[in-house]
Amino acid sequence: MTIKDQDDLIPGVKKPVSASGAKHKPVPKDLTKTPSARSKARRFALQAHYQIQLNDCSVASVEEQFLQDHDMKRVDTEYFHELLSGTTVHRRELMALITPTLDRSFDALDPIEKAILFIGCFELVHRIDVPYRVVINEGIELARQFGATESHKYINSILDRLAKDHRTSERGR
């Protein structure tokens, strides 16, 4: 008897079966509460920030546009909203935290880098439920996907410095 066959013998557990009769893993009921849903929320928040910077439009109008124009079925839209509103409400605080870690003026940063740093800094300071390693990795991935060729290294160094300053207890573990 194989391990797969033994799974069938567990009393009271029914395995999901596809139309073809093949067994498959159960799908989470709420796909907006998965790690990938948060990653998508960050990606859309980055794109929204970029649009806001280039077009000088309101956060509310851009958020509404994104919710209407994009497929948000598998996106944590609550987190998307929190990232947009949180980075806007705390903009001055976040700039004050980011600026000392930079090797150039804040205005000299690329709009993509600015957006990634705002999102990452917001998460490090205001979303302590998100592990700092996740924040840094997500920032690096966004920079690789949307930023300049080597910007992921720069983002990594800045977010790492911010994590050292604002997640000391978590980093000590």
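Only lysine pairs 8 or more places apart or on separate chains count here, and in the range 30-167 those with Cα atoms under 21 Å apart total 6.
Between Arg127 and Thr34, the contour length at 0.36 nm per residue exceeds the alpha carbon distance by 31.8 nm. Using only side-chain charges placed at the Cβ, +1 for Lys and Arg and -1 for Asp and Glu, the dipole size of the range 60-130 relative to its Cα centre rounds to 180 debye.
Cβ-to-Cβ counts within 10 Å put Met72, Met95 in ascending order as Met95, Met72, the fewest first. Residues within the reach of a label modelled at Gln68 (point 7 angstrom out along Cα to beta-carbon, backbone nitrogen below 20 Å), restricted to the range 87-107: there are none.
Any read-out appearing in this document is the output of simple, stated calculations on the displayed coordinates, not a laboratory observation. Fair warning: this is a prediction, and the values are worked out from it, not measured in the lab. Please note: Cβ atoms are built from the backbone with ideal geometry, for glycine as well, and neighbour counts cover all protein chains shown.
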